[in-house]
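The values are calculated or read from the model by the stated rules, or taken from the named source; none is laboratory data. On a predicted model such as this, the values are computed, not experimentally measured, just so you know. Note that each Cβ is placed from the backbone with ideal geometry, even for glycine, and that neighbours are counted across all protein chains shown.
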């Protein structure tokens, strides 16, 4: 039955919405499911007896069958309770109880009751409108409040403002007021009827919810934390897939740009560091999203493997950069010492020692060190001590790797040069002299800076202390290449096969992820 859309003057909308026939149809489906479950449980209990399968395997199968039948019986209780709670016949007029809520029948009764109240109320409202229109014709003889209903909906007893011309007029006014108030009583009674209808529906709904909750809470089939978790993932799979897609592109683009902008004067190193940090954060977000999708049965191990490669390559790359910078700094320190020893030997074998002796040598050595400061550069003793404490090896050590993945270290290194992105530096990029003599390169600007600084100790590169550190610089540089270049290539290849639609077919062929379940 189609319900009215206009429920004035009783309510702004249908006070008892719903379709009892749809509710009953759902109850019938639950009832049919319960019957099928009961039949299946009975078949499991009787399909394998000693007569037909008297062996250890048969006993094991019987035990498993009994356990499964018990679970089916619990499921039967749940579906049977849902069928009883919802009801299967909207024409069932039996009252709703906690044991037999009969929601479909109660909803039908409540709607019928509310409909019986609607027509009298709307007729009464029409009567009131007509009556007020008629009373307004007697305005000169009525007080201003005579046509304003009170809190109960009634018009007050008419009090003439002027002498009424005749008893007939007085009787007409009184009759109209009485008719209006009688209509108000009808509307009040109809509202009480609607209130009874909604109360009947609400009680049936409460009984229905209580019976279903009781069945769910006592049948041993309540969802586990894992069930709730996977349901949550399933409900939000589209959002997680979109996050993975966007963060994946952000990581790829930011990571690639970090390798391309390092040569830009004034701001290149800061830009590269910030972009690298953004790439790592986006890669971690992609890994988290893809992992959640896989746990919820929506993702693939292939995507997770690529995400792990991206995150690991960034951390290992940072570790290699740290070890390379430490090795380069120690190489410069050792080279400076070697160059000072050479200068000292030259001073002792020359005129300085012969003419001035120790006093002349004492005056010349500080000058020789100052010359090395200009040639090699001044080295901060604290930085050298920290690098020596790190004891960099030919490959990043565990300490280097842990620093590469440490959040505080990542944020500190990623934003330490962000001050270089100040407006005056950005404005300077539009001046030709800023770019004069700039050397373009692809890679990490810190590595480029460290390698470039080693040219100042080239003359002592073959000295054993220096050579040992230079070998570590080379091996860590190679490690950075091995960790970064393949990861960037694989990242772009993944986007390529995804955007071209080849990825699903590939995953199906190799049996990875959800695509492996799709037909070939």
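Quick rundown of the values:
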| quantity | calculated |
| --- | --- |
| So residue 425, is it within 27 Å of residue 336 (Cα to Cα) and in the same structural domain as residue 251 (by TED's automatic domain parsing) | no |
| Subset of the range 209-222 that is in contact with a helix residue (DSSP H, G or I) (Cβ under 7 Å, 6 or more places away or on another chain) and at pLDDT below 85 - its residue that is nearest to residue 101 (Cα to Cα) | 215 |
| Unique match (being closer than 30 Å to residue 474 by Cβ, free of Cβ contacts under 8 Å to residues at least 60 places away in the same chain, buried (at least 19 other Cβ atoms within 10 Å of the Cβ) and assigned by TED's automatic domain parsing to the domain that holds residue 466) among 323, 279, 328 | 279 |
| Flag if residue 118 is in contact with a helix residue (DSSP H, G or I) (Cβ under 8 Å, 6 or more places away or on another chain) and either part of a helix (DSSP H, G or I) or surrounded by fewer than 20 Cβ atoms within 10 Å (Cβ to Cβ) (or both) | yes |
| Selection count, the range 430-469, where residues are assigned to a loop (DSSP other than H, G, I, E, B) and surrounded by 13 or more Cβ atoms within 10 Å (Cβ to Cβ) | 5 |
| Residue check for residue 119: more than 23 Å from residue 189 (Cα to Cα) and modelled with pLDDT of 90 or more | no |
| Matching residues, the range 288-301, being buried (at least 22 other Cβ atoms within 10 Å of the Cβ) and either assigned to a helix (DSSP H, G or I) or at pLDDT 85 or above (or both) | 289, 290, 293 |
| Test: residue 270 is under 17 Å from residue 410 (Cα atoms), assigned by TED's automatic domain parsing to the domain that holds residue 431, in a helix (DSSP H, G or I) and at pLDDT 85 or above | no |
| Residue in the range 211-232 that is over 30 Å from residue 78 (Cβ atoms) and either touching a strand residue (DSSP E or B) at 6+ places or on another chain (Cβ under 7 Å) or free of Cβ contacts under 8 Å to residues at least 60 places away in the same chain (or both) present | no |
| Failed item in (1) part of a loop (DSSP other than H, G, I, E, B); (2) surrounded by 18 or more Cβ atoms within 10 Å (Cβ to Cβ), with residue 190 passing the rest | (1) |
| Sole exception among (1) on the phi < 0 side of the Ramachandran plot; (2) under 23 Å from the mean Cα position of the chain (by Cα) for residue 325, by number | (2) |
| Flag for residue 90 being assigned by TED's automatic domain parsing to the domain that holds residue 27, touching a helix residue (DSSP H, G or I) at 6+ places or on another chain (Cβ under 6 Å) and at pLDDT below 95 | yes |
| Of residues in the range 131-152 being buried (at least 18 other Cβ atoms within 10 Å of the Cβ) and outside any helix (DSSP H, G or I), the one modelled with the lowest pLDDT | 142 |
| Any helices (runs of 4 or more DSSP H) falling wholly within the range 302-421 and containing at least 1 residues that are within 18 Å of residue 459 (Cα to Cα) and modelled with pLDDT of 80 or more | 351-376 |
